[in-house]
1. Kindly indicate whether V108 is over 17 Å from G63 (Cβ atoms), among the β-branched types (V, I, T) and surrounded by 15 or more Cβ atoms within 10 Å (Cβ to Cβ).
2. Against the conditions (1) free of Cβ contacts under 8 Å to residues at least 12 places away in the same chain; (2) β-branched (V, I, T); (3) touching a Leu at 6+ places or on another chain (Cβ under 9 Å), where does T18 fall short? Just the number, please.
Amino acid sequence: MENARLITETREALAQQTATAEVLQVINSSPGDLTPVFDAMLEKAKRLCRAEFGEFFVTDNKGLRAVAVRGVPAAFAEFRHRNPAPPAPGSITARILAGEPVIHVADVKDDDLYRRGNLHRRALSISAERAHFSR
């Protein structure tokens, strides 16, 4: 049992190190151009997390700005475009703007915002389900 755990941990560490090396290669080959770096970072994070889709945001003086997206369902992208996510208390946007360095929501349905009927959390949940079942 312990050996299996160690093998799994070793594989995960190797995958993380490989992803880091790949992103560093992109950084090295793209001086002054952050777009391919953001794309690579999102792609590697999506792969490591086994996510169906992902969005990479940066903060600026107006809030959050998407700089890379991968596999985002068209309906969700259109919803986000028509309905920018306000920083509602407890939302990912609010948490990022408050300075949380990493936010991981394992299950968007097991979340207070979802239970309160937050439209963005509901749209994310529906999009994630559709992406998962369309594979």
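What follows draws every value from the coordinates through simple rules; no lab data is involved. Because the structure is predicted, anything quoted here is derived from the model rather than measured. Using ideal geometry, Cβ is built from the backbone for each residue, glycine included, and neighbour counts are taken over all protein chains shown.
1. Values: over 17 Å from G63 (Cβ atoms): yes; among the β-branched types (V, I, T): yes; surrounded by 15 or more Cβ atoms within 10 Å (Cβ to Cβ): yes.
The answer is yes for V108.
2. Failed condition: (3).
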